[in-house]
Number of protein chains: 2
Amino acid sequence: MARHMIIGMHFGSGYGSQPGAWRMPGVDPRNYTNFDSQVRYAQAAERGKFQFLFVPDFPALKGDIATEAPMISVDPMLTLAAVARETTRIGLVATGSATFNEPYNLARQFKALDLMSHGRAGWNAVPTSDPAIAANYGRAIPPRAEKYARLHESIQLVQALWGSWEDGAWMHDQVSGRFADPHKIRPINLQGQHVGSSGPLPLPPSEQGQPVIFQAGGGDQGLIVAGHYASGVIGAVYTIEDARAQRMALRNAAEQAGRDPDEIKFFPGLMTTIAPDRRAALDRRIALNEHTFPERVAYLQHILGLRLDASQLDQPLSRNQLATARPSPQDPRSAHALRIAKEGWSLRDVLAHGIIDYHPVIVGPAVEAADHMQEWFEAGAADGFWVSPDVYEDGIDAFVDGVVPILQERGLFHRDYSGTTLRDHLGAPAQYGLDLRIRQ
Amino acid sequence: MARHMIIGMHFGSGYGSQPGAWRMPGVDPRNYTNFDSQVRYAQAAERGKFQFLFVPDFPALKGDIATEAPMISVDPMLTLAAVARETTRIGLVATGSATFNEPYNLARQFKALDLMSHGRAGWNAVPTSDPAIAANYGRAIPPRAEKYARLHESIQLVQALWGSWEDGAWMHDQVSGRFADPHKIRPINLQGQHVGSSGPLPLPPSEQGQPVIFQAGGGDQGLIVAGHYASGVIGAVYTIEDARAQRMALRNAAEQAGRDPDEIKFFPGLMTTIAPDRRAALDRRIALNEHTFPERVAYLQHILGLRLDASQLDQPLSRNQLATARPSPQDPRSAHALRIAKEGWSLRDVLAHGIIDYHPVIVGPAVEAADHMQEWFEAGAADGFWVSPDVYEDGIDAFVDGVVPILQERGLFHRDYSGTTLRDHLGAPAQYGLDLRIRQ
């Protein structure tokens, strides 16, 4: 069987990945709190056979609220509970910090979501780094080593709680009156340096046993966490070379933790503005983001090491500007930015290509996104992607109706779900309880 | 306008209030994790115009799991998120402990539920007392004074976070591009002895501004909390005299905190087994609970101060037994138990009257429940009730189709919702942010 890529969708505040998404025609500007729309967007991704939704988190107010919507869901777990009830296949991965959450509460809510969704939940287990978040909990960010020690303990505790009812413990036999087999329900009695729990968690196995672990970012420490526990890794990487290196590092980390490296899947991000042709796509990005361009001109001038001016938005970079440009080695986006500039686009169009964004950006027809994904996938730079459509209202459909059929045609993406659980979708092995091979 | 009683429904693990509910014919024995059933039960309560669902919590395994279902929802907030999406009017009150939860997390999830339900959320704010729960968090129960100090701080913090976006802060004006007015979004910067938060919480007001506070139990300390913050109090009381005294104490506590005593509503519990006549109702209770009767005989003998024997289940208490009975002043249920025994029922039927249960129990035709509720309501012993049907599958409908029409006929209960929010249903005054009148 051909190896297929796995596609997740970024599921943020309800508008899309671009700052101007909330203002676009046809978009309900109250989508931040409109769960009808959010459910509809999840259903659109499911129609496209996406394997999962990925909900990031940042429990603090961030960005310029005067002009931009928050990028984060009002609450990841409640949002996914709503989605779980109105979808049937798509996986539901939420970010939950181990720094300011109790393992028992994390274990309970993710397992409840797993039960409610019939085996589709995943926990993106992360530490918290931002002082603004710590301040919301009346504390300071702990030292990095302590945060990661607590993260390791928390994941192990949560997995032990998830497994505290053995498979088969829940009998619910009305005839005999045996509700559960108490011999198959055991306390866990784990006490670490930072967190502890006696258990058991009073929840039976789900259709996938227990939720899947995801991981995101975090340098060497994050790599160790991913290697030990993660089935999926949410990446943020700009070049195919970096992606390939990160994927290899993750596979090595899994092997060093005694796992089969195929058990860990790496998903670089991809942002999309899909339109019939490049010009239409650029115009869409301009309509979305032009208010941010003056600020981005300043940043572009910095990473290209030359003088630019917002008054130049209608013109391409001059021969002299292009000649003196020195792409900053500090910013992996700078070489690509210069390449686009050299194609002769106006400065406005250069910015409309999304050269300063969080991930590689496709601004063009569907086939360009499919080509990008195929190239990275076949180069061993990705097991799949997490895709951020520019505007959910029509950007998900543009991907589903444009990119997905091309990938399917090329044999790169499944035509339908072959299983029902997130583990099925990821090809993640069965796991129930703490996997003792992989203790730190 | 006539004063109407307010009715809430106990919303536990998905079966009903009686230990044998999970085994009854027509009940899906997997309802503990079956959210389709739970949504259907919530809809049945809404059909009966109940003002709220009340979800208790006890985050630990409790009871005899070998033969009895857990009494607690897999997760209160996720359960209510599912219900919120598939109901339109009924209030959604969940229990959340301030002892082992961070105020920021509580504030966020309850406000998210409030937004998702369009203004129907309530937080039953409690401390935790049980060492089994503390052990699930790897800790011990803090001293009582500390727990209550943290509870006060937590409620104040949560309310301050709820109010950190002023009404009108969220503009979502697509034409001008103004998403929010940053001058109306303020940090809270509160730091107590036990908890703190900088804020703001990035969530706008709901249709009711912010969730309503409930309180349950807790003696003198609980009374102070209720007096300061609560709009609704979940009671556990056996006699009309005790209920009246508790209601008066709560009204006094509210007054001492500078509030209008009508702002605090007291809801004693009521458990129901409704059937066409007393005999049919008793038989239903016997089918539900007979396996527990041997144990309850032992307890009954204790509170009546006489010798009883499970071999006597078919016979009434003898004249001699009745003569020597001495109802225990320690258990407020003992006088009522003796009264029932003196009516000449067999020992099995005495127990089937629910004389040893958590609340007053109606085992009989609908009119008996209506009479009980009217008597307590008119005596100033209750502003309403929280009702625990014996078996959700048909017990909610029995109440809705039997008891509700009688109460409506008597002018004691509304015929339909007159508002859309939980504050509307409770007659709770508008509140947004921390109410500065009521600081401790």
Fill in: For region B:197-236 versus region A:65-131, the gap between their alpha-carbon centres in whole angstrom
25 Å
Fill in: FRET efficiency for residue B:132 and residue A:314, using Cβ-Cβ distance with R0 set to 60 Å, rounded to 0.05
0.30
Worksheet item: Taking chain B as a Gaussian network, where each spring joins two C-alpha atoms under 10 Å apart, which residue of B:401, B:173, B:416 fluctuates the most?
Response: B:173
Discussion item. What's the whole-number percent of alpha carbon pairs in the protein assembly as shown lying beyond 37 angstrom?
Written reply: 49 percent
Worksheet item: Where the label is 7 Å out from Cα toward Cβ, how close does residue B:380 come to the same position in every other copy, in nm, shortest first?
Response: 8.3
Worksheet item: Mean separation of Cα pairs under 8 Å and 6+ residues apart, divided by the residue count of chain B: what relative contact order is that in percent?
Response: 22 percent
Worksheet item: Between residue B:252 and residue B:181, what length comes free when the chain is fully extended (0.36 nm per residue of separation minus the Cα-Cα distance, one decimal in nm)?
Response: 21.5 nm
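Given R₀ = 41 Å, FRET efficiency for residue B:3-residue B:139 by Cβ-Cβ distance, to 0.05?
Values: r = 45 Å, r/R0 = 1.09.
Efficiency, from the Cβ-Cβ distance: 0.35.
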Worksheet item: Gaussian network model of chain A, Cα springs within a sub-10 Å range: biggest mean-square fluctuation belongs to which of A:25, A:429, A:187?
Response: A:25
Discussion item. If a paramagnetic tag sat 7 Å from the Cα of residue A:277 along the Cα-Cβ line, which residues of region A:345-381 would have the backbone N under 12 Å from that point?
Written reply: A:365
Worksheet item: If the cut-off is a Cα-Cα distance under 20 Å, which lysines reach residue A:49, setting aside same-chain residues fewer than 8 apart in sequence?
Response: A:265
Worksheet, complete the sentence: Distance in nm between residue A:302 and residue B:420 label points, each 7 Å along Cα→Cβ, equals 4.5 nm
Discussion item. Charges on Cβ only, +1 for Lys and Arg, -1 for Asp and Glu, centred on the Cα centroid of region A:320-430; of A:381, A:334, A:366, which one is farthest towards the dipole's positive end?
Written reply: A:334
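Does region B:215-325 classify as rounded, prolate or oblate by the C-alpha gyration tensor (a ≥ b ≥ c root eigenvalues; a/c under 1.5 gives rounded; else a/b over b/c gives prolate, otherwise oblate)?
Values: a/c = 3.25, a/b = 2.23, b/c = 1.46.
Note, shape of region B:215-325 comes out prolate.
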Worksheet, complete the sentence: In the B-onto-A rotation, chain B's nearest residue to the axis by C-beta, with distance in whole Å, turns out to be B:81, 2
Worksheet item: Once you average over the residues of B:346-355, how many Cβ atoms of partner chains fall within 10 Å of each Cβ?
Response: 0
Fill in: In Å, descending, principal axis extents of the Cα set of region A:358-410
32, 28, 17
Worksheet, complete the sentence: Residues B:345, A:386, B:376 in order from fewest to most other beta-carbon atoms within 10 Å are B:345, B:376, A:386
Worksheet entry | Exam field: residue A:144 pseudo-label spacings to other copies (7 Å along Cα-Cβ), nanometres | 4.8
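Using Cα pairs closer than 8 Å and at least 6 residues apart in sequence, work out the relative contact order for region A:278-358, in percent.
Details: 87 pairs, mean separation 28.9, N = 81.
36 percent.
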Worksheet item: 222 nm [θ] for chain B, helices only, -39500 (n - 2.57) per DSSP H run of 4+, per residue, to 500?
Response: -11000 deg cm²/dmol
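How compact is region B:123-210 by the rule of thumb for globular proteins, expressed as Cα Rg over 2.2 N^0.38 Å? Before the final figure, lay out each step's value.
Working: Rg = 17.4 Å, N = 88, 2.2 N^0.38 = 12.1 Å.
That works out to 1.44 for region B:123-210.
If you wrap a convex hull around the Cα atoms of chain A, how much volume per residue is inside, in Å³? Walk me through the intermediate numbers first.
Working: hull volume 67.0 nm³, N = 440.
Given the Cα convex hull of chain A, per-residue volume reads 152 Å³.
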Discussion item. Defining the label point at 7 Å along Cα→Cβ, can you sort the distances from residue A:401 to the same site in each other copy, shortest first, in nm?
Written reply: 4.7
Worksheet item: Which aspartates and glutamates, on any chain, are close to residue B:62 with Cα under 16 Å apart, when same-chain ones fewer than 8 places away are left out?
Response: A:181, B:75, B:130
Worksheet entry | Cα-based Rg and Dmax for region B:74-120, where Dmax is the largest Cα-Cα distance (Å) | 10.6, 32
Worksheet item: In square nanometres, what is the average projected area of the Cα convex hull of region B:278-357?
Response: 4.7 nm²
Worksheet, complete the sentence: Expressed in angstrom, Rg and Dmax over the Cα atoms of region A:295-440 are 20.4, 63
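Report the FRET efficiency, 1/(1 + (r/R0)^6), for residue B:47 and residue A:335, where r is their Cβ-Cβ distance and R0 is 60 Å, rounded to 0.05. Each step should come with its number before you reach the end.
On the way: r = 64 Å, r/R0 = 1.07.
Here the calculated transfer efficiency is 0.40.
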Worksheet item: Can you give the Rg to Rh ratio of region B:1-84, both from alpha-carbon atoms, with Rh computed by the Kirkwood formula?
Response: 1.01
Discussion item. One quarter of the convex hull surface, Cα atoms only: what value does that give for region A:43-149 in nm²?
Written reply: 7.9 nm²
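We did not get these values from a lab; they are worked out from the coordinates using the rules stated. Everything numeric here is computed off the predicted structure, so don't read it as measured data. Every residue, glycine as well, gets a Cβ built from its backbone with ideal geometry; the counts of neighbours run over all protein chains shown.
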